[in-house]
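The values are calculated or read from the model by the stated rules, or taken from the named source; none is laboratory data. Keep in mind the model is a prediction, meaning the values are calculated, not measured. Note that we place each Cβ from the backbone using ideal geometry, even for glycine, and neighbour counts take in every protein chain shown. Note: accessible area is taken over every heavy atom of the protein model, side chains too, but ligands, DNA and RNA are not part of it. Shrake-Rupley method; radii C 1.70, N 1.55, O 1.52, S 1.80 Å.
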Amino acid sequence: MILVLLGPPGSGKGTQAKKLVTERGWPQLSTGDMLRTAIGKGTALGLEAKSYMDRGALVPDSVVIGLIGERTSQPDCRSGFILDGFPRTIPQAEALDQMLLGRGGQVEKAVLFEIDDSELVSRLSGRRTCTKCGAMYHIQSAPPKKAGICDSCGSSLIQRDDDQVDVIAKRLVVYHQQTAPLAEFYRKQGKLTSLDASLPANDVSQALSRAISG
Ligand code: AMP
C-alpha cells in the first residue's frame, strides 16, 4: 500500500509511521529525516536545505520531489511505503501522482492527523530526539529515564533547531497555507480519512489501522 500521512508538524505522523513499519513492514519515507541526514553529512543538498529548515520554511519542491523519486525506486518500496511529511504542497502531490502513474501505481490512502495548534506548540517545544536511533521523547509527557539520554541506545538527546518556539510558529503558518489544502486534494480523489491526533498514541494507532483497513 502507498499511504500518505498528512498533518501538521508534531501531530504524531512520525511516531505512527514507525509503528506501521514494525507492524506492516512498509518502509517509512520521511523527507524531513532524509534532509536531516543530508545536513549531517554536510552535502551540498543538506547545506541548501538547512537554510530553509532553520527558519521553518519549506525546502523547494524540486529538491524533495527528487529525493522521493530516488527513494521510492529502491527495491524495499516495491510492496508499498508510508509517506511521512511528503507531499507538503499541491505541486508535490501532483508530481507524486505523475511519478506513480508512470510506474503503474497510485496513492491508495491519505490519512489526516487533526489537532489544534495550541497543543502542537507544547508538543514540539518539549520534543527531544535521539541523535543516533531517532527515538523521540517529550520532557513532560514521555521523558527518558535519565535526562538527555536515550533509553533505547544510550546516545544523547537533542532539541531540533526548528523545534524552538519562534520557528514552530512559522512552521504552523506554512502548514496552514501550503500543506492543509492537500486534505481537499485527496478528499476529491476519494482517498482521505481523518483521525483525532490529540488522543493518546495507542488510540491514534487503532484509528489509523481502521483507516488503512477501511
Ligand atoms: P519534518 O521533520 O517533516 O517536520 O520536516 C522538517 C523540515 O524539513 C520542514 O520544516 C521543511 O523545512 C523540510 N521539509 C521536510 N519535508 C518537506 C517537504 N515535503 N517539502 C518541503 N520541505 C520539507
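Below is a table of values for the structure above.
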{"item": "Viscosity 0.692 mPa s, 37 °C: Kirkwood-radius Stokes-Einstein D of the chain over Cα pairs, µm²/s", "result": "186 µm²/s"}
{"item": "Where the stretch 102-153 is the region considered: accessible area per residue in Å², 1.4 Å probe", "result": "58 Å²"}
{"item": "Beta bridges by DSSP in the chain, antiparallel share as percent, to the nearest 5", "result": "30 percent"}
{"item": "GNM result for the chain, Cα springs below 10 Å: residue of Val64, Val21, Val174 fluctuating most strongly", "result": "Val21"}
{"item": "Helix-derived mean residue ellipticity, 222 nm - over the chain, DSSP H n ≥ 4, -39500 (n - 2.57), to 500", "result": "-14000 deg cm²/dmol"}
{"item": "Using a Förster distance of 22 Å, the FRET efficiency for Glu108-Arg210 (Cβ separation, nearest 0.05)", "result": "0.90"}
{"item": "Neighbourhood net charge (14 Å Cβ-Cβ; Lys/Arg +1, Asp/Glu -1) for Asp116", "result": "-3"}
{"item": "GNM result for the chain, Cα springs below 10 Å: residue of Lys170, Lys146, Lys191 fluctuating most strongly", "result": "Lys146"}
{"item": "Length gained when the stretch Ala44-Val121 is fully extended (0.36 nm per residue, less Cα-Cα span)", "result": "24.6 nm"}
{"item": "Pair Ser194, Thr131: separation of 7 Å Cα→Cβ label points (nm)", "result": "4.1 nm"}
{"item": "Expected-Rg normalisation [2.2 N^0.38 Å, Cα atoms] applied to the stretch 1-123", "result": "1.05"}
{"item": "Average silhouette area of the stretch 71-157, convex hull of alpha-carbon atoms, in square nanometres", "result": "7.9 nm²"}
{"item": "Paramagnetic label zone (point 7 Å from Cα along Cα-to-C-beta, Arg24; backbone N under 17 Å) in the stretch 73-105", "result": "76-87, 105"}
{"item": "Contact order normalised by residue count of the chain, Cα under 8 Å, 6+ apart, percent", "result": "29 percent"}
{"item": "For peptides 79-86, 202-209, sequence by mean Cβ density within 10 Å, most packed first", "result": "79-86, 202-209"}
{"item": "Lysine pair count for the chain [Cα-Cα under 25 Å; pairs on different chains or 8 or more apart]", "result": "28"}
